[in-house]
Amino acid sequence: MAKVKTEKVHEPLFHIVKRDRMPLWQSISIRLGSIVCALAFCALICYIVIDVKPAEFFETMFDGVFGSERRIWKMIKDLAVLLCISLAVTPAFKMRFWNIGAEGQVLMSCLASVACVIYFGGKMSNWMLLVCMALASVIMGAIWAVIPAVFKAKWDTNETLFTLMMNYVATSLVSFFLIVWVPSGSSTLGELDYGHLPNIYNRYLVLVLVVAAITVAMYIYLNYCKHGYEISVVGESQKTACYIGINVKKVVIRTLIVSGALCGIAGFLIVSALDHSVTTASAGGQGFTAIMVSWLAKFNPIIMVATSFLIVFLQQGVNQVATDCNISNAFPNIIVGIILFFVIGCEFFINYKIMFRGKEASKK
Amino acid sequence: MIFDYILNAIALGMTFLYGSTGEIITEKAGHLNLGIPGVMCVGAAGGCAALHYMIVGGVTNGVLLVVIGILAAFLAAALMGLIFSFLAVTLHANQNVTGLAMTTFGVGLMKYIMFGLKEGTSIPYLKALDAFRFPFSSSNSALKYCGVMVFLAIIIALVVSFVLFKTRVGLHLRAVGENPATADAAGINVTLYKYVATCVGCGIAGLGGLCYIMDYSGSREGYLSIEALGWLAVALVIFALWRPHISILGSVIFGALFIAGSFIPTLLPFKILQTMAAAPLLKMLPYVVTIIVLIVTSIRDKKENYPPAGLGLNYYREER
């Protein structure tokens, strides 16, 4: 006769349960906590690697960002540009369209702006020229974004890699045009004389105001418009979107036009307010950083102001530390990377909770 | 001349081959790892740092240098893979964002480390160059680039291809990437497979960085271009349709396209190619070709050319 086995059921020490929803203050404090942990960790690393005391580390960082009026304005300017690009990628991401081509879109629109200045500069009034530049940039950005979108909508081509490749095509095109435009063969375009945004107070204020307006507009677009609603439905579930009669293809293409056009505005601002020129590094890797900024803010334009401030603060602050200690200027990237790891990791504790074996048993 | 061109293309292509073989393993486990450029950078930094300390410490044995250098690169890069899998598997973090953060981190870390690896004006790790270019290191032609790591890359790609498509482990791994829930129900340890595949994949990709510095470039500035090469390695995965053995051919083609700017104008007698402006346009070729491959495979719409179905999605067992 077979014996009845009385096997002991193995229960794991803990298991993971999805949370329903967390109160806002709790999720914010978890995120802030992770940033504090990350900063402490970075201070520790700096103490070990480059022998800077933690107090000194934070002091230098603050000094690097808020130390003088010039530094504060530099921070504000960087923040505005990064925020603008982050806003640009947001509608696409909300739709789960991984547009990592913001870099290329910005670069192409910088190129378009500069082309306008080179061909029309001095032949029309400054205002007309600025309008031309803005239009050209917006159209160019939109074109660069919509090419992958059309293929995504029609044949489901992988958009992540498509947009990534478009970045490099853009870089090559910029170096091609630099060779064409600069006859001396040095391929570096000096500062252009035309097409500057007007100086109100200083050269950055107009830029900041434009980006502020875009932030508010994007918030309204995403939260109070039919378009915004359609974007979030497509992002949550394409099947649901089809079922309730949303034309997914149309939404994908339209959203990418918006996204690319905003990248175009960013490119226009970079040329007309800051650089007055174009190089292959005009976008400066911010297209990639913007993705993280946007994601950290959970695609909320208002919170994005805070997250882009965080990134800019870190970059500029740690840069100051690096300059003071005479170490490689790549150091800020390491710190930003570490902090991103912490913040990315902390999302887990917001979305899930860990149930331990003991607790479970006592509940029953 | 044309022989030189092909040899150059092969040697450079191996950098892509390491990267894409690593990324294929990772993607077969369902992870779209956009951190590959960063991983390759960290691999290069790890390998070079090990070589630096060994040579400064007085090690002259070539075999030892090569073996330890490769191991160090593998371990450093695998450690990056561990970070990625911890965030993406255990903490269910978004893979694209994690990958991009890894690239930021990895590139920064490499630049910081490589910047410090010098003794006065000399660069110790470059003294191991002869050992890495082993069979043909004394050759004057481009043959000298075809060193140990070139052969290793092809061997690894073939082995990975065999494991993925002809063994039980490979079958399980592909199952995990296609549909983790089904794999889990079949009794496959999804978490373990994802962890091991990502770490091994990143380790192999990391060798690509070392290969570029110690084999092809052989210069102090070599490390600055690894990031761009890393993105191409990610693109090569699609070009090769997730098969490492096709990737061998693909990597040579990519290598040839990448350096077309400096070879084609001298090989072909067209006037238009000799102008300066042609170089950047030729540099565009590998990217344009990748885009075309992407479009063509998506239009042809064949099931076997699809990416793994679970690519980029995190698996949470209790989710319905």
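We did not get these values from a lab; they are worked out from the coordinates using the rules stated. Bear in mind that the values here come from a model prediction, so they are computed numbers and not experimental data. We place every Cβ from the backbone using ideal geometry, glycine too, and count neighbours over all the protein chains shown.
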Per the charge dipole of segment A:225-364 (beta-carbon charges, Lys/Arg positive, Asp/Glu negative, Cα centre), the residue among A:Leu314, A:Phe356, A:Ile257 reaching farthest to the positive end is A:Phe356
Scoring segment A:215-277 by relative contact order with C-alpha pairs under 8 Å, at least six apart, yields a percentage of 17
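Which value, in debye to the nearest 20, describes the size of the charge dipole of chain B about its Cα centre when Lys and Arg Cβ atoms bear +1, Asp and Glu Cβ atoms bear -1, and nothing else is charged?
In total the dipole reaches around 280 debye.
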With +1 at each Lys and Arg Cβ and -1 at each Asp and Glu Cβ, the charge dipole magnitude of chain A around its Cα centre, to the nearest 20 debye, comes out at 1760
Excluding near-sequence neighbours (fewer than 8 apart on one chain), segment B:2-305 holds lysine pairs with C-alpha atoms under 28 Å apart numbering 17
Taking chain A and counting helices only, DSSP H stretches of n ≥ 4 at -39,500 (n - 2.57) each over all residues, the nearest-500 ellipticity at 222 nm comes to -24500 deg cm²/dmol
If unit charges are put on Cβ atoms (+1 for Lys and Arg, -1 for Asp and Glu) and the dipole of the protein assembly as shown is taken about its Cα centre, the option from A:Gly122, B:Ser298, A:Ala40 lying farthest towards the positive end turns out to be B:Ser298
If each part is reduced to its alpha-carbon centroid, segment B:86-112 and segment B:172-215 end up apart, in Å, by 16
In debye to the nearest 20, the charge dipole size for the protein assembly as shown, taken about the Cα centre with +1 at each Lys and Arg Cβ and -1 at each Asp and Glu Cβ, equals 1860
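What is chain A's relative contact order, in percent, from Cα pairs under 8 angstrom and six or more apart in sequence?
It rounds to 34 percent for chain A.
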If one compares the long axis through the Cα atoms of helix A:286-296 with the longest principal axis of the Cα atoms of chain A, the angle in degrees, nearest 10, works out at 30
Which of A:Val210, A:Val49, A:Val89 fluctuates most in a GNM of chain A (C-alpha springs under 10 Å)? That residue is A:Val49
Distance in Å, no decimals, from the C-alpha centre of segment B:4-34 to the one of segment A:277-324 is 30
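Using Cα pairs closer than 8 Å and at least 6 residues apart in sequence, work out the relative contact order for segment A:123-276, in percent.
It rounds to 44 percent for segment A:123-276.
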For segment A:87-300, the Cα-Cα pair-distance distribution in 5 Å bins from 0, as whole percents, is 1, 8, 15, 19, 18, 15, 11, 7, 4, 2, 1, 0
Quick P(r) readout (segment B:74-144; Cα-Cα; 10 Å bins; whole %) gives 16, 29, 26, 21, 8, 0
At the level of C-alpha centres, the distance separating segment B:54-83 and segment B:230-244, in angstrom, is 26
Hydrodynamic radius by Kirkwood for chain B, inverse mean 1/r across distinct Cα pairs, in Å, is 19.9
Placing +1 on each Lys and Arg Cβ and -1 on each Asp and Glu Cβ in the protein assembly as shown, then taking the dipole about the Cα centre, the residue among B:Gly38, A:Leu269, B:Val97 whose Cα reaches farthest towards the positive end is B:Val97
When chain A is treated as a Gaussian network with springs between alpha carbons less than 10 Å apart, the largest mean-square fluctuation among A:Ser232, A:Ser308, A:Ser259 is found at A:Ser232
Ranked by GNM mean-square fluctuation in chain B (Cα springs under 10 Å), the top entry among B:Phe254, B:Phe136, B:Phe115 is B:Phe115
Here the protein assembly as shown gives, from Cα atoms, an Rg and Dmax in Å of 25.7, 103
Once phi for every residue in segment A:70-76 is put through the Karplus expression 6.51 cos²θ - 1.76 cosθ + 1.60 (θ = phi - 60°), the whole-Hz ³J(HN,Hα) values, with Gly and Pro written as x, are 4, 5, 4, 5, 5, 4, 4
